[in-house]
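Worksheet: the structure to be examined is printed underneath.
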Amino acid sequence: MKPSEASCSTIRRGKLIIVCAPSGTGKSTIISHLMQQGLNLHFSISATSRLPRGTEQHGVEYYFLTESAFRQHIEAGDFLEYCEVYPGRYYGTLRSEVDRRLEEGQNVVLDLDVIGGENIKLIYGDQALSLFIQPPSIAELRRRLEARGTDEPSVINDRIARAEFELSCAPRFDTIVVNDDLATAKVEALRKVADFLRDSRPVRTAVFGGSFNPIHYGHIMLGREVLRQGLADEVWFMVSPQNPLKADAKLLPEDVRLGMVNKALEGEPHLLACDFEFRLPRPSYTWTTLESLRREYPEREFILLIGGDNADNFGRWAHTDDILSTTRLIVYPRSGSTPSPTLETHAGKGVTMLDAPLQEVSSTEIRRRIKSGKDVRSLVPASIIPDVEKYYQ
Ligand code: ADP
Ligand code: 5GP
């Protein structure tokens, strides 16, 4: 049901995600992953008296201040908290970075040392989630800092010296994620943060368009993997009445294909069959579908999930520039094939390449097997076997 006008205009305060970890654990890497997931997250840029390192820029990673400018901000009461994290190196959270955003309903992510993290948690209580990222060991921490190559040996020694104290603070955090394998840590952190923000962010709805002639385990596994990795909250299996690039394909009637999708997704509460395109002009252009979806469900974010041959021929779709500038994409190319270069050049910039070994199945193969009387039980759910056998004979 769509929310009423009144509930849409209710002012919601945003929430805070406090991320702490010994330096070198992978905190920046994990924060940047979280920031790309449509969680209405905005990074609070801290002030610091340390010098920029590597490619860091004023106003991007930090506001780089002299020690005396930093002190002036302290005296003016501009900081929510500040701390001398390393001798002579001050870091502080500016009120201006946090409160206005929260009032506007945005969520704020803060990268803080453990003392700053605990102070912000004390101020905001349940409005904040404090997340500690833990390295597998101090030795691994040193290895990562050395491999990152951005700090002098003396700075690395300072960071390692502080790490033991920081690790002892971990039990006081709301939740801990161990960053041993990075992919696993990203999934865990994203799930925890997405759960905490559930009521102050859009419902991230992945639209998985296809003929589904018929739906099979390859499709279902892909949907499950997107949910498992926390990349979306729901996956809508959008049954296309007619694909513009497959105008002459012999398709079963749309209602029959939709019926099979419905049956195949029984017991999967976040994978849903969708007939939205049945009501739109034909053939179904994804851009038109996206625009109509956004009008009908303004409280949702729609993400395009593209797999198989669609990932290869994306460059031939209508309005690819409009799609890429308005919509995040999750792409799962067929193994051995090359996704459209348009998608590859946007990887990491709104396009997530799904990293998962999934079962290779194709609808064509299923139809062929049925015609030659072969078994398809390992390829489609049991609930649709009678339909598949009846319709594709
Ligand atoms: P922090 O922000 O906590 O100081 P970074 O995100 O800069 O840490 O990560 C430190 C270095 O370790 C980076 O070069 C990063 O690519 C690498 N890294 C992060 N997580 C892992 C991991 N699980 N395994 C190996 N290297 C990692
Ligand atoms: P780095 O020099 O590696 O960027 O940061 C050093 C440490 O300072 C990290 O643990 C980082 O989280 C912390 N830090 C960054 N900004 C702030 C801040 O505004 N307040 C506090 N207390 N710590 C911060």
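Rounded to 0.05, the FRET efficiency of the residue 103 and residue 338 pair, given R0 = 56 Å and the Cβ-Cβ distance, is 0.75.
Here each label is just a point 7 Å from Cα along the line to Cβ, and for residue 355 and residue 60 those points are 2.3 nm apart. The apolar share of the surface of region 94-153, taken as the fraction of accessible area on carbon and sulfur atoms (1.4 Å probe, ligands and nucleic acids excluded), comes to 49 percent. Summed over the residues of the chain and divided among them, the accessible surface reaches 48 Å² per residue at a probe radius of 1.4 Å. Each 10 Å bin from 0 upward holds the following percent of the Cα-Cα pairs of the chain: 4, 20, 26, 21, 15, 9, 3, 1, 0.
Under a no-solvent Debye model with one identical scatterer per Cα of region 1-145, what's log10 I(q)/I(0) at q = 0.09, 0.10, 0.13 Å⁻¹? Scattering profile of region 1-145, log10 relative to I(0): -0.31, -0.38, -0.63. Here's how it looks for residue 305: its modeled amide H is under 5 Å from those of 207, 208, 209, 330, which are all 5 or more places away or on a different chain. In terms of accessible area, using a 1.4 Å probe and ignoring ligands and nucleic acids, 188, 75, 360 rank largest first as 75, 360, 188.
Past 22 Å, Cα to Cα: identify those pairs from 15/349; 121/349; 27/121; 186/263, in the order given. Violating the 22 Å Cα-Cα cut-off are 15/349; 121/349; 186/263.
The values are calculated or read from the model by the stated rules, or taken from the named source; none is laboratory data. The structure displayed is predicted, hence computed values, not measured ones. FYI the Cβ positions are ideal-geometry reconstructions off the backbone, even for glycines, and counts take in every protein chain you see. Ligands, DNA and RNA are excluded from the accessible area calculation, which covers all protein heavy atoms including side chains. Shrake-Rupley method; radii C 1.70, N 1.55, O 1.52, S 1.80 Å.
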